[in-house]
Structures are given as structure tokens and as C-alpha cells.
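A.B. asks: The structure's right below; bear with me while I get my questions together.
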Amino acid sequence: MTSLDELRRTLEQRADLAPDATGLVEQARAGAERIRRRNRIRAVTAVAVVVVLALAAPVVVRSYAADPPPNPAGPLTHYREPYQLTLELASSKVYFTLTHGTQGRTQILVARPKGTPKDDSGGTIAVHDPGTFDPTRLRQGEPVTVQGHPAFYVKNLEAPASAVASDGPGGSQAPYRIGTAVGWQDRSGAWVVVYEAANRAATLRLAENVRLTAPRTARAPVRFGWVPRDLPVTYFESRDIAEYGVSANVAFGDPARGGEQSDLFFPSWDAPLTVQVLPMNGIMTAWGEDYAQRQVRTIAGHKTWYLEGEVGNFPDPDGSQMLIQAGSCGITVLVDDRESIPYPALQRMVENMTFGGCDDISDWMPVVGS
């Protein structure tokens, strides 16, 4: 028997074990389909990766581009409330506090010398809350030492500005700018700047008398127990030396409307609510000679006069005024928009006010709180 015969017989004997032809075709087709599906998945995955990378790249670029440059003023940290003070003068025979207060995130103190020295007229001290003062120009000045810690002295703290038109004599004048100054950073992060002194020696002398304390609520001849619309204090200033006259100014405003330190330390008369406290002696200068001839309304035992629009010494077509006689104090309340703060709101405010005296500061109290 030949090898060919053996092969034929072997195939015939194992014919029953052979797989069905149709099954082989289907399995082949199924295998091919699985291969094509895997290839499609690989292709889609590759495209998805490319798309993701293409989308992610601009995001990364935008993220880096949107990052602001480092703040030269440093981080903003909580230091005090807007109605609190930390700035004061050391007790000495050299200076006294003429006026002091706070506007936004800056405190101001105006110091004057005791006596009449020829080479010292006092100066102004500003304390900027942490993260609100750019010390770049100050740090370019002369290194000095104040109260044992590093400080900087500059001849011009603010860059000179071009002259601006003026209706006064001369036709033009330069805007106010801070010139000679010395400044340093307190360990709290606040920056202290002393300026408007007569000369370098006087600037450094005043700087040695600056003190920062724990936050304390500002004191005034009046305390506010309730304020319309829960407006916060955005400005406070007081003069509390009896021989120079006592007074206080308080502005309540919306934080969104500003209230930050401007070039000069003055209250914002367009604040939603402003209060001025002066001695009744001489109040006619502020209220006018005929104020008492208007209708009197008694609130909580105090005489008051309510004026709207263009009437009185503080005319405002949209605003109103309330004049309050409280013992030795005359209080002027100015409203920027009488529709948002109507008379009933002022009446409630007066009912919740506590009054001290304006002859001296012996019974002054925290301007807000208990």
C-alpha cells in the first residue's frame, strides 16, 4: 500500500471529526470583524487623545496667561475692622494728636508739635492695612532705622505729576503729591508712612513717636445702635483736643461704592449716609442763622429739623438733611438718596443713638457696638 492510499484512508476515518464548513466561514468572518473592531477602537482612541491634547494645550496656556503678577503690596490679610484704629502717638512732650481717623483700609493721624518750635511743624502718619500699599518706590529710598527696625527714607514718595489747569492765580497747579517720607513695614504686615514734616530730621523724629496697638473701636460723641440698610462705617475722623475744638465725622457707605483712601483725607460727601458732629456753640455756621425758625420735630427727647432737596446749607435735589440738637452737640445727618433712606429710617436711627458731649471728650464712647 502506497503512502497515498494510507493518507486517503486516514482522512475517511476522521471525516466525522472535521468542523462544519459553514462554521469555519462564520468563525473566519467573526475573527476578521473582531480585528476590524479593535482597529477602529484603536483609531478612535488615538483621535480622542489628539483632540484632548489639542484642547488641553490652550487651557494650559490660558491658565498661565491669566495668572496675575505678584502683588507688590503682599497678601491681603485681616488686620482690623473699618471702624477700628490701631494708630496712636506715644505719650511725649513733643507732639499731640490734632485729628485722627480711618478711611477704607488706611488710617490717618495728623500730629502737631507742642509749643512753637522753629524746625518742626508736625506731620501726617498713614497706616495701610496689609496688602494695600505698594512699597516699591519707598524701598528705593535711603535705608534708615526707626525704633530699632529697618525703614526707608525718600525725598518723593509719589512720582511728580504734570500740571493741571486751575482757575486760581497762576493758571495751573500741580496736583497734591506726597514728597518727603519715611516708611516701614510693621510685623503685622501693615505699612507705616510718615510725611508732610518740615525736613528730614523732623520726619524721623515724628516716626520715632508712632505707636501701633491692638485694634480698638473709634470713639466719638455719638454711638449708633442702628443704621439704615445696615450700612457699614467707611470713614471716621475725630478731633478730640478740647482747646482746639472737638468734632467727629462718620460716613456709612456701600463697600462696592469704594471708600478707599484718596489723595486727601476727607469724607466722601456722596456716601449714602454721612454724619457730622460739632459743638452747639457756633452751630449756626454749619446750619445757618434761620435753622431754628423751621418746623421742629422732637425725637427721643431731642429737637430735630428735617429738610429735603435744595433747602438748607447742604442742598441736594435727591437728598435730605436732619439736624439734631443733643445737649452740647449739634449733629448733621446727610442722606444722599432720600428714597432709599426716607424720614422714618432717620427717625429710627435717632431713636437708637446715644449722645455724649461736645465740650470735651470725657464721655465719648465707641462709635458703634455696645
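Here's the yes/no breakdown for (1) at pLDDT below 95; (2) buried (at least 18 other Cβ atoms within 10 Å of the Cβ):
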| residue | (1), (2) |
| --- | --- |
| G301 | no, no |
| W305 | no, yes |
| F314 | yes, yes |
| P317 | yes, no |
| V350 | no, yes |
| M353 | no, yes |
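A.B. asks: Filter region 115-138 for residues that are free of Cβ contacts under 8 Å to residues at least 60 places away in the same chain and charged (D, E, K, R); which is nearest to H100 (Cα to Cα)?
C.D. replies: Per the stated criteria, the residue is K118.
A.B. asks: Is it the case that D240 is of a type in the set (D, E, K, R), modelled with pLDDT under 95 and within 22 Å of M322 (Cα to Cα)?
C.D. replies: For D240, the condition - of a type in the set (D, E, K, R), modelled with pLDDT under 95 and within 22 Å of M322 (Cα to Cα) - is not met.
A.B. asks: Quick one: would you say I341 is surrounded by 14 or more Cβ atoms within 10 Å (Cβ to Cβ) and modelled with pLDDT of 95 or more?
C.D. replies: So I341 passes the test.
A.B. asks: Which count do you get for residues in region 214-233 that are within 22 Å of S188 (Cβ to Cβ) and of a type in the set (V, I, T)?
C.D. replies: The qualifying residues number 2.
A.B. asks: Let me ask another. Residues being under 32 Å from the mean Cα position of the chain (by Cα) and either hydrophobic (A, V, I, L, M, F, W, C) or within 23 Å of G356 (Cβ to Cβ) (or both): count how many of those fall in region 302-324. Working first, answer last.
C.D. replies: Quick first cut of region 302-324, residues under 32 Å from the mean Cα position of the chain (by Cα) only: 308-309, 313-324.
Subsequent filtering for residues that are either hydrophobic (A, V, I, L, M, F, W, C) or within 23 Å of G356 (Cβ to Cβ) (or both) retains 314, 321-324.
Here the count works out to 5.
A.B. asks: Among the residues of region 320-334 satisfying the criterion of being in a strand (DSSP E or B) and small (G, A, S), which is farthest from A271 (Cα to Cα)?
C.D. replies: To start, the set of residues in region 320-334 that are in a strand (DSSP E or B) comprises 320-326, 329-334.
Those left that are additionally small (G, A, S): 320, 326, 330.
Details: S320: 13, A326: 24, G330: 20 Å.
If we take residues in region 320-334 being in a strand (DSSP E or B) and small (G, A, S), then A326 is farthest from A271 (Cα to Cα).
The values are calculated or read from the model by the stated rules, or taken from the named source; none is laboratory data. The shown structure was predicted, so the numbers you read here are calculated from the model rather than taken from an experiment. Neighbour counts run over all protein chains shown; Cβ positions are idealised from the backbone, glycine included.
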